[in-house]
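Participant: Just passing along the structure, written as structure tokens.
The values are calculated or read from the model by the stated rules, or taken from the named source; none is laboratory data. Everything numeric here is computed off the predicted structure, so don't read it as measured data. Cβ sites come from the backbone with ideal geometry, for glycine too, and all protein chains shown count toward neighbours. Accessible surface is based on the protein model in full, side chains and every heavy atom, while ligands, DNA and RNA are left aside. Shrake-Rupley method; radii C 1.70, N 1.55, O 1.52, S 1.80 Å.
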Amino acid sequence: MKAIFSELTSFARNAGEAAINGEVEAITGITLTAVGLQRVLGIGERCIVHGSAGPVQAEVVGLGTHGTELLPFGSWRGVAAGDRVEVDPGRDVIRPDESWKGRVISASAAPLDGKGHLPEGDVPRRLRGSPPSAFDRKRIGPKLATHVRALDIFTPLCRGQRLGIFAGSGVGKSTLMAMLARYTECDVAVMALVGERGREVQDFISSDLGPEGMEKAVLVVATGDEPPLTRRQAAWTAMAVAEHFRDQGQHVLLLMDSVTRFAMAQREIGLASREPPTTKGYPPTVFSELPQMLERAGPGPVGKGDITAIFTVLVDGDDMNDPIADAVRGITDGHIVLDRRIAERGRYPAIDLLASVSRTLPECHSDVEYTLLKAAHRALAAHADMEELIRIGAYRSGSNPELDCSIAFAGPCESFLSQRKHEQTSPDIAFSDVATLLDQAGIRP
């Protein structure tokens, strides 16, 4: 009897090491249905499908009466009914390390830069982590110098703040993001290129970011031709890497381009698992996934570092009321709007100062800085209200002395705000220059 009990105990201990298998029942579109795993796998867990063209990693996205529904991290090419499906535990974990700085990695934390092996750290970190408790977090910290004049004056960035950059395609989101990565004060910059054009990755690394920016950066890349699971995972991987450095006590600058492509990937996943489409075809899980991811950034717990996050949002047709833009604007601590009309005038960064907001104002500016900001803002707003009349010559100089001063300020200010991607200006010099422009225009703060 003791011998039988001993054998059963040994079997129970080793049962976890045994492979658990099911088989392919059907494939519809990009959704594969497997049977035999319903009581083993839950939503979000991983498995490997062994087809004739080689193994394909997959994730569980649905559970139904007919079996377990899977989506691939590759292609189902070569997979047939009856092929073996094996449970793959632990594949949603990465082990970031200090040596990852200066490296380019994939969504699965594999090296892409040809620099050889990517060392792994000692502490595993799940891709789908949880944000710190609201009562464990510190408050947003002091103002950061981005060395971008328009931001440092009109929409300042503070340590632990989450800021959204909203723009249509080709208006300069990636260039502004590269400027922030180069010049913003931080210990490490973690950058996620989610659904990016393949040809632009090398341009971004060598031209926009440069050796100076890449030295302290970890770049996570998933191009637009990769499966939706991979594009979504790139955002999670970048967030997990940022959390690792935050827990080491470092200040992390997280830049994600773009949240919209993350949402589009989640839309493909949701629709493939038969979720009902809602606004513009986005299923409900898109709007539940966004806060779960974005809330992971921000001030860290007491005794640890912070994640200052910049999320770009690609607005559809320059519509700032796009559902994804609306959702992100409600989660972040401010938003920067890039305007195509400003870009067409040749002013870059093409920031619409009147439409952009930083929710850390006015506390993050000193009294003098905030006074200068209000004076400049009033002058630009007055000029914008009468801009059409001024352009067609319907306004006569001298009719309104305050407007005359605003007109005298707006032109030089437009030139002052224009900044090439390799230029940088300290906030003190930027405020001094604005004070000079206001004085020359006859505006007294």
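Participant: Only one residue in GLY303, GLY270 is open to solvent by 20 Å² or more (accessible area, probe 1.4 Å) and assigned by the TED database to the domain that holds ASP322, so which one is that? Walk me through how you get there before you give the answer.
Facilitator: Working: GLY270 fails: open to solvent by 20 Å² or more (accessible area, probe 1.4 Å).
Sole residue among the options that is open to solvent by 20 Å² or more (accessible area, probe 1.4 Å) and assigned by the TED database to the domain that holds ASP322: GLY303.
Participant: Within the stretch 132-158, can you find the residues that are among the basic types (Lys, Arg) and surrounded by 23 or more Cβ atoms within 10 Å (Cβ to Cβ)? Talk me through it step by step, then tell me what you get.
Facilitator: To start, the set of residues in the stretch 132-158 that are among the basic types (Lys, Arg) comprises 137-139, 143, 149.
Correct list: ARG149 only.
Results for (1) within 34 Å of the chain's Cα centre (by Cα); (2) surrounded by 16 or more Cβ atoms within 10 Å (Cβ to Cβ); (3) under 23 Å from SER108 (Cβ atoms), shown as yes or no for each residue.
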residue	(1), (2), (3)
THR31	yes, yes, yes
GLY44	yes, no, yes
GLY54	yes, no, yes
ASP83	no, yes, yes
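Participant: Would you mind stating whether ALA435 is in the same structural domain as ILE153 (by the TED database), in contact (Cβ under 8 Å) with a residue 24 or more places away in the chain, part of a helix (DSSP H, G or I) and on the phi < 0 side of the Ramachandran plot? Outline the logic, then answer.
Facilitator: Working: in the same structural domain as ILE153 (by the TED database): no; in contact (Cβ under 8 Å) with a residue 24 or more places away in the chain: yes; part of a helix (DSSP H, G or I): yes; on the phi < 0 side of the Ramachandran plot: yes.
It is false that ALA435 is in the same structural domain as ILE153 (by the TED database), in contact (Cβ under 8 Å) with a residue 24 or more places away in the chain, part of a helix (DSSP H, G or I) and on the phi < 0 side of the Ramachandran plot.
Participant: Here's something else I'd like to know. I'm checking my understanding of the structure. Among residues of the stretch 358-409 that are within 32 Å of the chain's Cα centre (by Cα) and of a type in the set (A, V, I, L, M), which one is surrounded by the fewest Cβ atoms within 10 Å (Cβ to Cβ)?
Facilitator: The extreme case among them is ALA381.
Participant: Given (1) within 29 Å of SER174 (Cβ to Cβ); (2) among the hydroxyl-bearing types (Ser, Thr, Tyr); (3) surrounded by fewer than 15 Cβ atoms within 10 Å (Cβ to Cβ), identify the lone condition not met by THR425.
Facilitator: Unmet condition: (3).
Participant: For the stretch 342-357, give me the residue count where each residue is assigned to a loop (DSSP other than H, G, I, E, B) and open to solvent by 60 Å² or more (accessible area, probe 1.4 Å). Break it down stepwise before answering.
Facilitator: Pass one, the stretch 342-357, residues assigned to a loop (DSSP other than H, G, I, E, B): 345-350, 352-356.
With open to solvent by 60 Å² or more (accessible area, probe 1.4 Å) added as a condition, the list becomes 345, 348, 354.
Here the count works out to 3.
Participant: Quick test of your reading of the structure: THR360 fulfils all but one of (1) assigned to a helix (DSSP H, G or I); (2) touching a strand residue (DSSP E or B) at 6+ places or on another chain (Cβ under 6 Å). Name the failing condition by number.
Facilitator: Status for THR360: all satisfied but (1).
Participant: Got a sec? Which of PRO228, PRO277 is touching a residue at least 60 places away in the same chain (Cβ under 8 Å), out of contact with any His (no Cβ under 9 Å at 6 or more places or on another chain) and either open to solvent by 10 Å² or more (accessible area, probe 1.4 Å) or not assigned by the TED database to the domain that holds THR146 (or both)?
Facilitator: Values: PRO277 fails: touching a residue at least 60 places away in the same chain (Cβ under 8 Å).
Of the residues listed, the single one that is touching a residue at least 60 places away in the same chain (Cβ under 8 Å), out of contact with any His (no Cβ under 9 Å at 6 or more places or on another chain) and either open to solvent by 10 Å² or more (accessible area, probe 1.4 Å) or not assigned by the TED database to the domain that holds THR146 (or both) is PRO228.
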